[in-house]
Every structure is written in structure tokens, then in C-alpha cells.
1. Here is a list of conditions, (1) under 21 Å from Glu125 (Cα atoms); (2) open to solvent by less than 100 Å² (accessible area, probe 1.4 Å); (3) at pLDDT 95 or above, and Lys68 meets all of them except one; can you say which number that is?
2. Return the pair list, or none, for Cβ contacts closer than 8 Å from residues in the range 42-57 that are within 15 Å of Leu103 (Cβ to Cβ) to residues that are open to solvent by 100 Å² or more (accessible area, probe 1.4 Å), at least 6 apart or on different chains.
3. From the list Ser127, Ser29, Ser47, pick out the single residue that is surrounded by 15 or more Cβ atoms within 10 Å (Cβ to Cβ) and modelled with pLDDT under 95.
4. Would you say Ser94 is in contact with a helix residue (DSSP H, G or I) (Cβ under 8 Å, 6 or more places away or on another chain) and either surrounded by fewer than 16 Cβ atoms within 10 Å (Cβ to Cβ) or among the hydroxyl-bearing types (Ser, Thr, Tyr) (or both)?
5. Would you point out the residue of the range 97-112, among those that are among the hydroxyl-bearing types (Ser, Thr, Tyr), surrounded by 15 or more Cβ atoms within 10 Å (Cβ to Cβ) and in contact with a Phe, Trp or Tyr (Cβ under 9 Å, 6 or more places away or on another chain), that is nearest to Lys31 (Cα to Cα)?
6. If we keep just the residues of the range 93-102 that are part of a loop (DSSP other than H, G, I, E, B) and without any contact (Cβ under 8 Å) to a residue 12 or more places away in the chain, which is farthest from Glu54 (Cα to Cα)?
7. Quick check: anything in the range 77-89 assigned to a helix (DSSP H, G or I), open to solvent by 50 Å² or more (accessible area, probe 1.4 Å) and of a type in the set (A, V, I, L, M)?
8. Looking at (1) out of contact with any strand residue (DSSP E or B) (no Cβ under 6 Å at 6 or more places or on another chain); (2) within 19 Å of Lys44 (Cβ to Cβ); (3) assigned to a helix (DSSP H, G or I), which is the only condition Arg110 fails?
Amino acid sequence: MKTISILYFVLFNLSIFSCAQEKKINKDSQKMFTEFTQKDKFNKDESLFYPGLEDKNIQSNLTKEINKLAKTFESIQSSKNSSSDFYLKAIESSLKAIEKYDLDTEDRTRVTNYIEELMDIVELESSNGLLNNYVYGFDPTKK
């Protein structure tokens, strides 16, 4: 009987610890999402050899689309159903909305850089070919 009590005690403390860790991660990622949405996007970035968006008229719209994806990622992460499928569907939807701008390869690559930043926040390891398909027109995961 004493062994079972000790086991329950250990499991209870582990569950409390894991909840505390989860909240810490959510607070950290919440800060990261806020910082991401507040930064200027599609400006010249020499560290990435990115010349900046040539058509300044669409810069605001693209920024809104990327920030909208960030908010969607944040919502998915805070939900109980934060499987990778939800993130992938959000990426796919966002890329479809951005396709109407007919961007060149450099700008498409910059879009995917932003999406990869968001993927890093939620620790999503792969876009399952969505980003490669968007930039280069093919999915390397399919033969």
C-alpha cells in the first residue's frame, strides 16, 4: 500500500511540474509571437542578401498575411489540438493567399523565411514540402 502511495505522489508531482513547464513555454512563445508580429517585414536585409520588396505597394498586405499566420500559429499552439496537421493547413492557406501577389523568387524565399521563423517558435520541424513547392514549384517529398 505504501508503494502505491509513493507512486501516486511521484506521478502527481510530475504532472504539476509538466504543467508548470508548459505554461513557461507558452509564455516564452507568446513573447516570441509578439516580437515577430511587431517587427518590420520585407525590408532590405543584408544578412540574408535580401534586397527588400521591390513593390512597396504590396508590402503592407504581405506583412498582414504573415502576421495573420503568426496569430493563427499562436491560436493553434494555445489550443488542445496543436498537432502538426493544423500548422500545415495554416501554412497552406497562407501561401494560397500570398500567391495572388505573383512574387519573384527572392520575395518568395523571404516569405518562407518568415514562415520558418514561425515554425521554429512552435517547434514544427517540417513543412512537408509546402515551402519548397511555393518557392520552386516542386515538392521534394514526392517523387
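The values are calculated or read from the model by the stated rules, or taken from the named source; none is laboratory data. Worth saying up front: this structure is predicted, and the values here are computed from it rather than measured. Note that we place each Cβ from the backbone using ideal geometry, even for glycine, and neighbour counts take in every protein chain shown. Accessible surface is based on the protein model in full, side chains and every heavy atom, while ligands, DNA and RNA are left aside. Shrake-Rupley method; radii C 1.70, N 1.55, O 1.52, S 1.80 Å.
1. Among (1) under 21 Å from Glu125 (Cα atoms); (2) open to solvent by less than 100 Å² (accessible area, probe 1.4 Å); (3) at pLDDT 95 or above, the lone unmet condition for Lys68 is (2).
2. Tyr50/Lys44; Pro51/Lys44; Gly52/Lys44
3. Ser29
4. When the stated conditions are applied, Ser94 passes them.
5. From the range 97-112, those among the hydroxyl-bearing types (Ser, Thr, Tyr) are 101, 105, 109, 112; that's our starting set.
Those still in the list that are surrounded by 15 or more Cβ atoms within 10 Å (Cβ to Cβ) too: 101, 109, 112.
If we keep only those that are in contact with a Phe, Trp or Tyr (Cβ under 9 Å, 6 or more places away or on another chain) too, we end up with 109, 112.
Details: Thr109: 25, Thr112: 21 Å.
Ranking the qualifying residues of the range 97-112, first place goes to Thr112.
6. Here the answer is Lys100.
7. For the range 77-89, residues assigned to a helix (DSSP H, G or I), open to solvent by 50 Å² or more (accessible area, probe 1.4 Å) and of a type in the set (A, V, I, L, M): absent.
8. All conditions pass for Arg110, except number (1).
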